[in-house]
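Below you'll find the structure, written out as structure tokens, and then a few comments.
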Amino acid sequence: MAALLPSWAWVSGLTVAATAAVVALAVQADHGPRPATPAAHTRPTASASPTPSTTPTPSGPPALPEASGVGRRIVYSVGTHRVWLVDATGQSSRTFTVWAGTVDPKPGRYSITARTATTVGSDGVKVEHIVYFTAVSGVNIGFSNALDGSSPPPANGAQTGGIRLHKEDGAALWSFGDYGTKVSVVE
């Protein structure tokens, strides 16, 4: 008859397995797409297309904004319409441009409070990978990407809080940002 392992052995085994899984995912993420070309410091229009994150740049990606917090987080610059995914060491693992809604979040520190796999956005477009982190005057603010990969149409005066991403960037942010993940909004 086999002897049962003590509880500390189970906990140790599970800890080793979890650590191995995290290391494997980190190595896999390290070999993923590279950051995008810096965008102009103007607000993209509905017809403008942010630069895809897979475009190589000779000068490197835009620097992570100063005073954007510490540790693992998502950083969103309202002024440049750019997002950085920052690992636990404080290094940006991915950056990309986005289309902003008509309602901007205020600079500050937030956390992901809700996630929805798919829905219809306030602009009538089917979206996926919705990650909410705040609300402004009753308008929910979050990141998402259109199922068809399109850019958002003009808002026609509607208040929208969706920060729209390219499809591949939406998938990356969805994988990175779980409940409670920090979101730092800067100018």
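The values are calculated or read from the model by the stated rules, or taken from the named source; none is laboratory data. Owing to the predicted nature of the structure, the values given are computational and were not obtained by experimental measurement. SASA here: full protein model, heavy atoms, side chains in, ligands and nucleic acids out. Shrake-Rupley method; radii C 1.70, N 1.55, O 1.52, S 1.80 Å.
Apolar share of the accessible surface for segment 48-164: 53 percent from carbon plus sulfur atoms, 1.4 Å probe. In a fully extended conformation the segment linking T89 and A117 would gain 7.2 nm over its present Cα-Cα distance, using 0.36 nm per residue. Remark: segment 116-171 carries 44 Å² of accessible area per residue (probe radius 1.4 Å; ligands, DNA and RNA excluded).
Of S150, S68, S175, the residue with the largest accessible area leads and the full order is S175, S150, S68 (1.4 Å probe). Residues whose amide H falls under 5 Å from that of V183, counting only those 5 or more places apart or on a different chain, are I74, Y110, S111, I112, with hydrogens built in the peptide plane. Name the lysines eligible as straight-distance cross-link partners of K126: C-alpha to C-alpha under 25 Å, and not fewer than 8 places from it in the same chain. Leaving aside lysines fewer than 8 places away in the same chain, those within reach of K126 are K167. Within the assembled protein chains, the solvent-accessible surface assigned to K167 is about 80 Å², based on a 1.4 Å probe. Residues D169, D123, sorted by accessible area with the largest first, give D123, D169 [1.4 Å probe; ligands and nucleic acids excluded]. Sorting E168, E128, E187 by solvent-accessible area of protein heavy atoms yields E187, E168, E128, largest first, with a 1.4 Å probe.
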